[in-house]
Every structure is written in C-alpha cells, then in structure tokens.
Number of protein chains: 2
Amino acid sequence: MKLVQGFSKFSKEEKINFLVENYLNHFPEAKHILQQYLNDDIKLQRLHDEFIENTLTNFYLPFGVAPNFTINGQNYIIPMAIEESSVVAAASKAAKFWGERGGFKAEILGTEKVGQVHFLYHGNKDELEVFIQSIQDDFRMAVKPITKNMEKRGGGIQSIQLRTKTEDLEAYYQLHCTFQTKDAMGANFINSCLEELAKVLEDKAEKQLSSKLEVIMSILSNYVPNCTVKAKVACPVESLGKTKEEAQAYALKFIQAIQIAEIEPYRAVTHNKGIMNGIDAVVLATGNDFRAIEAGVHAFASRSGKYQSLTHAKIENGEFKFWIEVPLALGTVGGLTSLHPLVKLALALLQNPNAEELMKIVAVAGLAQNFGAVNSLVTTGIQQGHMKMHLMNILNQLDANTYEKEKAIEHFKSNTVTHSSVIEFFEKIRS
Amino acid sequence: MKLVQGFSKFSKEEKINFLVENYLNHFPEAKHILQQYLNDDIKLQRLHDEFIENTLTNFYLPFGVAPNFTINGQNYIIPMAIEESSVVAAASKAAKFWGERGGFKAEILGTEKVGQVHFLYHGNKDELEVFIQSIQDDFRMAVKPITKNMEKRGGGIQSIQLRTKTEDLEAYYQLHCTFQTKDAMGANFINSCLEELAKVLEDKAEKQLSSKLEVIMSILSNYVPNCTVKAKVACPVESLGKTKEEAQAYALKFIQAIQIAEIEPYRAVTHNKGIMNGIDAVVLATGNDFRAIEAGVHAFASRSGKYQSLTHAKIENGEFKFWIEVPLALGTVGGLTSLHPLVKLALALLQNPNAEELMKIVAVAGLAQNFGAVNSLVTTGIQQGHMKMHLMNILNQLDANTYEKEKAIEHFKSNTVTHSSVIEFFEKIRS
C-alpha cells in the first residue's frame, strides 16, 4: 500500500471512510463504534477534536472519585481518571483507614523547575565563564517580554548558570536555568525563555568569543528533584490491629515489604508502579501531563544509582510512620486546565487548588495507593481484591445479565476468581 | 466534615448529588458537565461504569490516528489516545519521512516476564538451597490448574530460582521466577502462579526446614529487561538534506543531540518523556496499562546506574542509523482488549496483531516520536511546532468563532505564538 497524501487535511468523515475502506474492511462494526463515542453536542465535540490532530472520536477512561481523604485537616473527594479496576476502591479504603487515624499530612519541599540550553564550544573554558557572567543582563533583558507576566505572579527565572560537561562529551556545555512558575506547569514558559536565551547566547558569542559556539537545543527538563512534596501518615503501632501482638506483627511485616522495595529494583519498579496508579489517575483528571510526571518520578527513584522505592516506613517511639517523597511539576492554570470541562470540574471538586495544594493532594493519592497495595500484599495477597474487581469485567465480556452477575458475585464471595473458574461457573448457571 | 459512610454503595445519582451538595455548590454547572459526558447507550455506559469503582462519567481523551507507518515492509495506521497536541502530528510526519526512506524495521529481543516470592528465612542457607531444589516438582504440580491453559498456548513458567539477598537485607531471599505469557500481558496469570508457589513454599518449609520461613509477599515485576524490542531506521546520510553539506551537518547535529541525552540525565528524562508520548498513546489505545510500561521503561533507562536515553544514533559507512531498545510487556488478549469497543477497533485497525507484533508497533511509535522531537529541537526549536498546535487550544479557550480562528491561523503563520500574543491579536480582531 502506498503512502497516503494529505490525510490530515481530510474531513473527519473522509478519514473514517479511508480507514474503513483500507484497514477495517474485516471489522464491519468500525463506523458504528467510532460514531457511538462521539458527543451529540457539536461544539463540545469540536473542542475535544481540536486538542490533537486527526481526532476520530473520544477514548473513554472511567472518571471516578475516591472519598474521605483528610489532608492537613481538610476533607477531600479526589477525582480519578483511570481504566484499572481496584485503584479507586483501594484509594477510598486507605483514605478512610487513615482518616480515622488523623489523616494525611503533606508539605512542599521545593518548587524549582529546570531548563537547559545545550551547546558546544571548542574554545577556552575560562573565557567562556567570564563571557557567560558578562551577558547575564542581556539574558534578563531579552526574556523580559516573556517573563514580565510571570514575574507579576511571583515567578520567573531564578538562575542562569554555566555547567561544564566536557568530561562527558567533547566541547559540551549547558546553560542550566532554574525557574519558578507558580500555578503553571510552565513548559511553554520555560521553553520560550530558553529559546530566547539561546538566541542571545549565539548572538553575543559571535561578537565576543574567539571560538565558535553552537547551540544544539534548548528545552525544559522533566527531571525536577527540587520540585518535590512529602506526604505522610502516622499512628500508634497498636492501632494497626485488634491485639497488640497482631498490630506489632502487621507493622513489622509492612515495614519489611517496604524495605524490600528499597533494596530490590525488581520489586521497587512494581511498588512505584502502584504508587503511580494513584498519582496518574489524579494527574489525568486534573488535566496534567502524566508522561512528564512519570519520567520525573522514575528518574528520581533511580537517583542514587539504584532504582528504589519512593515510600518509606519505620517505627519510632511506638509510632508507625509511613511516607513518600516525590517530584511533581503540576499546574492548575494553563494547558487543559481551563479547556477541558471535566478537568474544570475535577479542580472545582478539589476546591480549585493552587499548584502547591495539588502537589500535596496528588502525593497523598500516591501514598494511599501504596498503602492499599502493600497492605493487600502482606495480608490476603494482591489477587483476591484484584480478581474480585476483575470479576465484573469477565462477566461483562460474557455478556452476563443482572441476575447472572448477582449469582456470580455471591458465588465468588467464597470461591477463588480465575478467568476459567468464572467461565465455568457462568456456563453452569446459564445452561 | 466527617467521613462519609457507604459511598461506594450509593447509586450514581446519589453519588453525584452528594458531591454537588457537599463539594461543588460553588460550581453550578457540575451536574450538567457530568451528564453531558455520559453515553446515551445505557448498556455501553454500564460497561464503562463497571471498569472501576465510583464511576461518575467518562473522561475523554482524543482518539486519533497517525498514518503512513511502514514497519518491516507492512503499512500501518497507528491509533493513539492522547491529550497532548502535536504528538499525532509529529508521529505522522516522522512516519512519512521514514516511509520514503525504507520504513522502520523492528525485531523482538526477548519476551521473558518476571515474578517473585519475597521471603525471610533465618536458617542455614545451604539447607535452603537444597530444599528449594527438592520441591521443584511440588511447585510445578501445584500451579498446574493455573498453567495448563497457558501451556497449551505455548507459555508457562520458565524457571523458579532461589536468589539470596541477605547482604542487602537480613534473612531476605526470593523465589525469582520467569514466565512466558504469549499474547497476554500476564499480570493475573503470574500473580496467581506466584501466590500458589508461595503456599507450597510455606507448607513444605514448615514440614521440612529446621528454621521458620516467612513469605512477605508474592507479585509480578514490571521490570522486564528481557522482554524487549528493537526498532530502527537507516538511510544514506546525503538523503537527510538538500545538499551533501546540509545533510552532513544535520546528521551530525542530530547525533550530538542524542549523545547529550545519553550522558546528561536532565536531558535524558525529557528525551525519554517524548518517546513515551508516542508509546503511551498506543498503549492506551490498545487497552494496555501505561503505568506498567512507564515504570519498566524508565527503570530500564536507569539500569547502568545513570539515567540515560533509550534511543541511539550513529553514522556508519555513510549510513545514518537511529534506533531504540525498549522493554514492553504488552498484551493483545485479556484485560480491556476484548471489553472496550474502541480498543477492539484499535487492534482491528492494526490488523489484530499478536503481542510481539504490537511490541514492534509501539516501539516504532516511540522511535518516530523521538525523531520528530529531536528533529524539531535541532532545527526550528520545539516551541514553533508546539505553539502552532497550542494556538487552537488558546483560541478555543477564548471561545473564538470559525472566522476568528482562520484569521489567527493566518496571522500566526508568520508571527510567534505566545499565550499573550494570541490574546492580544484576538482582542484586536474582535473589537
């Protein structure tokens, strides 16, 4: 098949027809499926269509809520957009458990964003250092049209520093810049600043330096180890079980599970994946970019040179303590936050938090999720809860009716859910 | 506000009313927004509701397609679910560019999945080793009911090995197990096997070992360094530009940008984030779990002890070569793949690939995305393309009509898009 020309210029109908004729002729329900996910409200649909290119329809992620979160004494219902069963249920359960034990505490450790101009320079290093110092005012002046609004809100460029990387790569240097972007995630702001700084750097270098300076690229970093938040819970050990012995044994086993995730990368990756179930669900619902958050978080988890757990736990003076420290460059203005009606609703549900408040809420969602997962792992095992939730999916796949669903839910209260055991049971009651 | 009891048992209407009364009374459009995203088809809506808990409505991600991918000689239109503008556009552009230069090649390097039983044992290590060897048949027999169907399809448990981790944590050992799960992602299968293995381990240990053995937890790992795929492109250097010199300079700059991402973590994180824009969009559209993929990929990127680029580039014998190696534990059966109608359509669009074929397609989407990003970075800068796409978002936010949009698109063909320049222009044409 030869390459198609001008596909992006086709109307939506033409695109769908092209697909159906050339790629989906074996799938007769294609047109119907694409159409049934479109919204009747033409204006709303156009809004969603224009978020990206070549939009054909809307991909549904379930939008749910986890109630009963107490964070720094305030009560929240947390919106989550996620397709994985049991994430919202586990978050809700953990929220309630810790709500009855004083709730979650959260604090911002930093809000510094980072961006870099990467360049090559084959000349004298000392000359370069002097040069970069000498053009600091030029840098500041050139970005003024971009930074003036951000400065009014209390943000802006913090520092513009030369970093020498010639030991890692021949002639390689950076302008390493730090930013405060207040309630914006700041990607556009930072990239616009950096591209302006890069222009100044090249222009001035051409006039003032004896050797050639070449900018390779200018771009923000999603690695933000100084844009971090800490969330924690704590309670007397004995309140973790019915008896003192039971509580002690539970706390110990829980802490051992965390220690394993601290020292064993194979476990740490899945441990943190579970944390991200909670984090991404809120990130998505609030219109933030989960790829940016994921990249920053996992790189942070590997910063010691070994990939490790983001959460930690210990017993101190009879208190069980469990906490997370995680980088989260989030925004509550700009991007999708004021465009996507459901994102607006999610932020309203959270009482229109500023970026720092949202960082706290998201970190708490991650910690709660991790508590739920580790709690299941060290008690009943992960499958029991997970397969119970998955039961409904299998039943839907079998096209079970309400009566059959009720029967199956009852039966599997005391029997192990596996894909084949559900099918077997279903065939029995239907026959 | 006190904790709400039994929220998950409320009907959807009761949940919404509770939210509106207690958290959204400052946001009068709440009910309308939640309702306008519901699907008219009650059965379809119920299916989506039951994917998770406390579902209120559907969160829309744009579902788009990127045409003109040639992979191992076959033509694909790749489905993408993503909210970020320019991802689909960049993928399409890269696909066409490389389609005219021989297309993408991809090959599977491995399909091994991993799971572990984590346990503590304070007794003699040699005794433990002999013991684990002696119960291998018991392990295999116990999991037979779970593995028999997987074995029919050519998968199953590959190995069950003891790993000693006592140097990292007192008394800590693992059963490190490897699996083949064919076209299933395999999480449920692996976890079910592991929980069964853990039971055997504890039972037999109680009878046969002189010291106590305690299982802490049993769970699959999302770290899958041996479940990897390689995707690549190559072309004569001179076909990268209009003149030989231009092509050579471009190739060199492109390779330098990749080298920077190989040695500088601040850059590598964002470099890989861009790759994940492409990967996650296909992962989501095909009903896979992007948190699992993200965790595995970023941990893989940090495996040397330093967080690094997933892509690489070089010139060899006059050929420009650009490639990615990435772990992708994907499934094309089970989970959402047969439940979510739009996922079924996405897989049909890709000609119903098996898991290995999907791994190749997803890796190519990541490589294409990275080519697009690095290409922009080393030529026009990232902002030009990005802000052009973002222009439409800003215009929608301003509630621009079709005439105003056309005027703005025309104007910003030759003017820099910034948030404030768009607002300024808009106010001018509207007044």
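Please treat every number below as a calculation from the coordinates, not as lab data. Being a predicted model, the structure only gives us computed values, none of them experimental. Note that we place each Cβ from the backbone using ideal geometry, even for glycine, and neighbour counts take in every protein chain shown.
Odds and ends about this structure:
- Once you reduce segment A:370-415 and segment B:82-102 to the center of their Cα atoms, the two points are 41 Å from each other.
- Segment A:134-193 and segment B:337-353 have Cα centres lying 44 Å from one another.
- Among B:145-155, B:388-398, B:268-278, A:214-224, the peptide with the highest mean count of other Cβ atoms within 10 Å heads the list, and the full ranking is B:268-278, A:214-224, B:388-398, B:145-155.
- With the biggest extent put first, the Cα atoms of segment B:7-49 measure 32, 23, 10 Å across the principal axes.
- Label-point spacing at A:ILE423 relative to the other copies reads 5.8 nm, in ascending order, each point sitting 7 Å out from Cα along Cα→Cβ.
- Cross-link pairs beyond the 31 Å C-alpha cut-off, checked among A:LYS43/A:LYS152; A:LYS314/B:LYS199; B:LYS9/B:LYS31; A:LYS165/B:LYS314; B:LYS96/B:LYS253: A:LYS43/A:LYS152
- HN-Hα J in Hz across segment B:20-37 - Karplus 6.51, -1.76, 1.60, θ = phi - 60°, x for Gly and Pro: 4, 6, 9, 10, 10, 5, 8, 10, x, 7, 3, 4, 4, 5, 4, 6, 6, 8
- For the residues of A:343-349, the average number of beta carbons from a partner chain within 10 Å of their own beta carbon is 5.
- Taken over segment A:113-221, the percentage of Cα pairs per 5 Å bin, counting from 0 up to the bin with the maximum distance, is 2, 13, 25, 25, 17, 10, 6, 2, 0.
- Low-density loop positions, GluC sites (Glu not before Pro), segment A:1-110 - DSSP coil, at most 16 other Cβ in 10 Å: A:GLU29, A:GLU100
- Result for chain A in a Gaussian network model with C-alpha springs under 10 Å: among A:GLN383, A:GLN35, A:GLN116, the largest mean-square fluctuation is at A:GLN35.
- Rough spin-label spacing in nm, given labels placed 7 Å along Cα→Cβ, for B:GLU170 and A:ARG101: 2.3
- Cα-Cα P(r), segment B:316-431, percent of pairs per 5 Å interval: 2, 9, 14, 12, 10, 10, 12, 13, 11, 5, 2, 0, 0
- Between the residues A:ALA285, A:GLN308, A:PHE189, the greatest Cα displacement towards the positive end of the dipole of segment A:175-312, with unit charges on the Cβ of Lys, Arg, Asp and Glu, is found for A:GLN308.
- Approximating the spin labels as points 7 Å out from Cα along Cα→Cβ, the A:GLU424-to-A:GLU404 distance works out to 1.8 nm.
- Using the empirical formula 2.2 N^0.38 Å as the baseline, the Cα radius of gyration of segment B:175-248 reaches a ratio of 2.16.
- GNM top mover of A:ALA198, A:ALA231, A:ALA66 - chain A, alpha-carbon springs below 10 Å: A:ALA198
- Under-5 Å amide H pairs with B:VAL229, H placed in peptide plane, nonlocal only: B:LEU109, B:VAL326, B:LEU328
- Sequence-separation-based contact order of segment B:113-221, relative, with Cα cut under 8 Å and 6+ spacing, percent: 46
- Residue by residue, segment A:240-253 carries 3J(HN,Hα) couplings of 8, x, 6, 10, 4, 5, 4, 4, 4, 5, 4, 4, 5, 5 Hz when phi is fed to the Karplus relation 6.51 cos²θ - 1.76 cosθ + 1.60 (θ = phi - 60°); x denotes Gly or Pro.
- With its label point put 7 Å out from Cα toward Cβ, B:VAL130 sits 7.6 nm from the same residue's point in the other copies, in order from shortest.
- Here the calculated FRET efficiency for B:LYS9 and B:ASP203, from their Cβ-Cβ distance with R0 = 41 Å, stands at 0.60, rounded to the nearest 0.05.
- For q = 0.12 Å⁻¹, Debye-computed log10 I/I(0) when each Cα of chain B counts as one equal scatterer: -1.15
- Note on the protein assembly as shown: Kirkwood radius taken over Cα pairs, Stokes-Einstein applied at 25 °C and 0.890 mPa s, translational D equal to 87 µm² s⁻¹.
- Chain B, relative contact order [Cα under 8 Å, separation at least 6], %: 17
- Using a 7 Å Cα-to-Cβ projection, A:LYS31 label spacings across copies, nm, ascending: 3.8
- Label-to-label distance, B:VAL20 versus A:GLN133, with points set 7 angstrom from Cα along the beta-carbon direction: 6.5 nm.
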